[in-house]
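Below: one structure, written as structure tokens.
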Amino acid sequence: MHGDSRGWRACLLAGAVFAVCMAGTTLPTPLYGLYQERFDFSELTVTVVYAVYAFGVIGVLLLAGNASDAVGRRPVLWWGLVCSAASAVCFLLASALGWLYVGRLLSGLSAGLFTGAGSAYVIELAPRGSPRGTLVATAANMGGLGCGPLLAGVLAQYADRPLYLPFAVHLALVVISAAVLLRLPETVRERRPLSTVRPQRPSLPPRVRPVFGPAATASFVGFALFGVFTSVSPSFLAQSLDVHNHAVSGLVVALAFFSSTAGQLAVGRVGVPRSLPLGCTLLLAGLALLAGALYWDLLPLVVLSAVVGGTGQGLSFRAALAAVAQVSDDDKRAAVISALFVVAYAGISVPVIGVGLLVAPLGLEGAGLVFIACMALLVSTAGLYLQRRPVPEPGGAG
């Protein structure tokens with residue numbers, strides 16, 4: 001019992017460190033409007049600055065996604081905290097647009113380093129055999145992403161120096177996290193030199209492809225919806241709904257991530273075969289609500305879209321991970337999961353930049369409606385396929 005208590009304490013502390021790092025990646029979300037005023041750049045530039053983050057994540061996942069299996073969890077997490085701190089410093093020093101690009105790239109590197117290593121570390125620190133370690137890792141990941149815009153929005157709205165204080169607070173939290181990590185144990189027993197780490201090339205064996213296609217499509221749409229919420233929704237709230245309260249903007253984005261956490265936790269009860277098509281249905285409903293919000297300029301529909309779409313994203317993505325892992329051979333599983341993450345993070349970047357390109361000729365509402373139509377077509381196709389050919393339950397017959 002005493003050992004379990006120590007294990008849970010270490011697991012929760014590691015989860016807190018994970019959450020701090022992920023919060024830093026979404027911290028600038030409610031502040032982009034202020035940066036636009038300060039540096040005088042377009043909506044397209046906002047989406048590109050945001051998307052640079054995804055390129056950093058994808059690069060790390062491909063080049064060093066399995067590094068912690070070799071050198072240990074803690075060294076990789078140390079580097080993740082270093083990148084997170086460096087990102088905060090870039091935003092604190094930002095005197096021109098270039099600082100934002102570098103800060104977002106470093107933020108992406110930190111998220112890429114933590115995504116795999118942090119999840120594995122939290123799960124491994126939990127008492128042996130407990131499924132709750134996975135829940136802690138999920139809550140730390142998505143909960144941290146949700147806390148970032150909420151923290152920045154509240155500080156920007158109700159405290160002085162809105163472009164400095166959120167990053168100063170985050171930098172202090174990173175320093176505290178480093179002190180916490182210093183006291184946590186390593187979980188990888190047999191470590192190898194960094195030179196043994198090889199890039200993970202995405203790989204799709206033939207038996208995986210029928211499941212991977214619809215699962216990856218749902219993941220792409222879910223992450224694309226998050227990308228739009230975290231890049232251009234504050235601009236829409238300000239320009240179309242006359243909502244200039246940064247705390248409200250941050251809360252709307254946070255609701256999407258918190259709802260995703262709830263959706264991921266529900267997969268265990270709903271089951272993987274039902275979670276994927278149900279997630280697609282909720283994503284479609286979230287897109288429809290967002291379309292209504294854009295067309296009628298209604299804040300309640302934006303909030304509902306965040307909650308419904310976020311829940312759908314959580315259901316579909318966790319189920320997608322379980323489904324592709326289930327049908328993958330042991331020696332190919334890491335490569336297949338890496339491919340799924342690459343598709344998912346492409347969803348954060350490519351459609352978001354597309355929205356930015358369409359803003360000038362169509363306006364923010366028009367660009368958003370085109371995005372919604374494209375994503376609705378994708379997720380409807382995936383959902384119909386999954387209704388006809390449901391994926392197997394993990395552990396069941398494949």
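Quick notes
- Membrane-span-like helices in the chain, defined here as complete DSSP H runs extending at least 27 Å along the helix axis by their C-alpha atoms with mean Kyte-Doolittle hydropathy no lower than 1.0, are 43-64, 73-93, 97-125, 209-231, 246-270, 272-296, 299-326, 333-388; this is a sequence and geometry rule, not a statement about a membrane.
- The H on the amide N of residue 204, modeled in the peptide plane, is under 5 Å from the matching H of no residue at least 5 residues off or on a different chain.
- The accessible-area ordering, largest first, of the residues 248, 272 stands as 248, 272, per a 1.4 angstrom probe.
- Working note: 222 nm ellipticity from helices only, DSSP H runs with n ≥ 4, each -39,500 (n - 2.57), summed and divided by the residues of the chain, gives -28000 deg cm²/dmol to the nearest 500.
- A P(r) calculated from all alpha carbon pairs of the stretch 348-390, with 10 Å bins opening at zero, reads 28, 39, 22, 10, 1 percent.
- Distances between every pair of Cα atoms in the stretch 84-180, grouped in 5 Å steps from 0 to the bin holding the largest one, split as 2, 12, 17, 23, 19, 12, 8, 4, 2, 0, 0 percent.
- Other residues whose C-beta falls under 12 angstrom from the C-beta of residue 382 contribute a net charge of +2, scoring Lys and Arg +1 and Asp and Glu -1.
- Dividing the C-alpha radius of gyration of the stretch 189-341 by 2.2 N^0.38 Å, with N its residue count, gives 1.22.
- Of the whole protein surface, residue 297 contributes about 70 Å² of accessible area at a 1.4 Å probe radius.
- Farthest toward positive dipole pole in the chain [+1 Lys/Arg, -1 Asp/Glu at C-beta], among 68, 302, 212: 68
- In a simple Cβ point-charge model (Lys, Arg +1; Asp, Glu -1; nothing else charged), the chain has a dipole of about 1260 debye relative to its Cα centre.
- Environment charge at residue 359 (Cβ cut-off 12 Å; Lys +1, Arg +1, Asp -1, Glu -1): -2
- Rg over Rh for the stretch 20-153 works out to 1.02, both radii taken from alpha-carbon positions and Rh defined as the Kirkwood radius.
- Our estimate of slack between residue 381 and residue 192, defined as 0.36 nm per intervening residue step minus the Cα-Cα distance, is 63.6 nm.
- Accessible-area ranking of 372, 176, largest first, probe 1.4 Å: 176, 372
- Of the whole protein surface, residue 270 contributes about 40 Å² of accessible area at a 1.4 Å probe radius.
- Extension gain for residue 362-residue 176 works out to 62.4 nm (0.36 nm per residue, less the C-alpha to C-alpha distance).
- Gyration tensor verdict on the chain (Cα atoms; rounded if a/c is under 1.5, prolate if a/b is larger than b/c, oblate otherwise): oblate
- Approximate shape of the stretch 7-94 as ellipsoid semi-axes (Cα gyration tensor, √5λ), whole Å, largest first: 29, 16, 11
- Sequence of 83, 374 when ordered by accessible area, the most exposed leading, probe 1.4 angstrom: 374, 83
- Neighbourhood charge, 15 Å Cβ-Cβ cut-off, centred on residue 261 and excluding it, Lys, Arg +1 and Asp, Glu -1: +3
- Here the stretch 1-43 has an Rg and Dmax of 18.8, 59 Å, counting Cα atoms alone.
- Those trypsin sites (Lys or Arg not before Pro) in the stretch 126-205 that DSSP places in a loop and that have at most 13 other beta carbons within 10 Å: 128, 183, 189
The values are calculated or read from the model by the stated rules, or taken from the named source; none is laboratory data. Since this is a predicted model, take the numbers as computed values, not measurements. Glycine gets a Cβ as well: all are built from the backbone with ideal geometry, and neighbour counts include every protein chain shown. The area values use the complete protein model at the heavy-atom level, side chains included, leaving out ligands, DNA and RNA. Shrake-Rupley method; radii C 1.70, N 1.55, O 1.52, S 1.80 Å.
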